[in-house]
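Nothing in this text is a laboratory measurement; each read-out follows from the coordinates by a stated rule. Since the structure is predicted, the reported quantities are computational estimates derived from the model, not experimental observations. Glycine also receives a Cβ, built like all others from the backbone with ideal geometry; neighbour counts cover every protein chain displayed.
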Amino acid sequence: MPELPEVETVRRGLAPTLEGAVVKEVELRRPDLRFPLPADMPAQLIGRKIIAVGRRAKYLLFQTDGAPVLICHLGMTGSFRIEDADTQHTPGTFHHERSKLDAHDHVVFGVRTADGAETRVVFNDPRRFGFMLFANPDGTHPMLDGLGVEPTGNALDGRMLASLFAGRSAPLKAALLDQRLVAGLGNIYVAEALWRAGLSPRRAAGSIASRTGGATLRSERLAVAIRNVISDAIEAGGSSLRDYMHVDGSLGYFQHRFSVYDREAQPCSKPGCAGTVRRIVQSGRSTFFCSSCQR
């Protein structure tokens, strides 16, 4: 499933085309994805100007000048494709390549961009685990309620992590994946952040806080590692937006070079560490880490 950096690079890739564009057409090629598509989506959106393309955790938020906010989740295999007269490209960079098959094009938006170009924005999703829903008129939605702090800003610091995790006996990895605590972190970047911080995914989450719930060196290291790994991944993903998928099918994606994720049995790349990357299963999901330098 795409993680926060992938979703953010999709947002950044869509924004130049969609922000300021007027929706001219909405074509629903099937009635549902993971959930039923709003039957009134065309009526709600056609004729509206898109004011902003935002993101909350792993959700994309499309705000117009009149309709409720359209919430989109990419699911496991969802992606957007931008088509104009000469080229087509897929915003974002993913660990697994996105589909190019027209058979999986489920929602098509025809827009007139701010500079007057006629463009199509196509949502493609082979497994149909993605979804599009309208928020409530006041901008709220149950799926957005209760989301934790974003991992991309200075609000996530050692003190914040310590206060969130104090007294928790759950494994540190599980706590980091709890969207009610930190919003948008997923399996890949939790593994990478814990490796950078030198912390075991199996240690108790509360162990990074002091006895009074205050910040410690561990919580400070982890906060810095989370912010940096997300920032690095977004920057790397952003560089791939210069790569285009042309009509001949040629495609160029930046491939993330993970330090531990999906590197089972390979030598740890941390300077001075002679350990080997291990894979264990926690809560049914693969965890990759180095038991030598992550304690």
Q.
For the chain, give me every cysteine whose Cβ has no other Cys Cβ within less than 4.7 Å, ordered by residue number.
A. Cys72
Q: Run the quick spin-label model on Lys24 and Met76: label points 7 Å from Cα toward the beta carbon, then report their separation in nm to one decimal.
A: 3.7
Q. What angle, in degrees between 0 and 90 and rounded to the nearest 10, separates the Cα long axis of helix 4-18 from the longest principal axis of the Cα atoms of the chain?
A. 20
Q) Which values of log₁₀ I(q)/I(0), to two decimal places, follow from the Debye formula for the range 4-134 at q = 0.10, 0.11 Å⁻¹ with a uniform point scatterer at every Cα? A) -0.27, -0.32
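If the only charges are +1 at each Lys and Arg Cβ and -1 at each Asp and Glu Cβ, what is the size of the charge dipole of the chain around the Cα centre, to the nearest 20 debye? Walk me through the numbers before you get to the answer.
Values: 37 positive and 31 negative charges, 330 e Å.
Roughly 1580 debye for the chain.
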Q) Expressed as an acute angle from 0 to 90° and rounded to the nearest 10, what is the orientation of the C-alpha long axis of helix 217-239 relative to the principal long axis of the chain? A) 30
Q. What percent of all Cα-Cα pairs in the range 95-169 falls in each 10 Å bin, counting up from 0?
A. 13, 22, 29, 24, 10, 1
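Can you give the Rg to Rh ratio for the chain, taking only C-alpha atoms and Rh from Kirkwood?
Details: Rg = 20.5 Å, Rh = 20.3 Å.
Reported Rg/Rh (Cα atoms, Kirkwood Rh): 1.01.
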Q | Centroid-to-centroid separation of the range 165-242 and the range 96-164 [C-alpha atoms, Å] | A | 22
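Gln179 to Ser231: extension gain in nm, 0.36 nm per residue of separation minus the Cα-Cα distance? Spell out each step's value before the answer.
Details: separation 52, 0.36 × 52 = 18.72 nm, distance 1.87 nm.
Going from the current span to full extension adds 16.8 nm.
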Q | Partner aspartates and glutamates for Lys24 [C-alpha distance under 19 Å; skip if fewer than 8 residues away on the same chain] | A | Asp40, Asp65, Glu83, Asp84, Asp105, Asp115, Glu118
Q.
At R0 = 30 Å, how high is the FRET efficiency between Ala117 and Arg257 if r is their beta carbon distance? Nearest 0.05 is fine.
A. 0.25
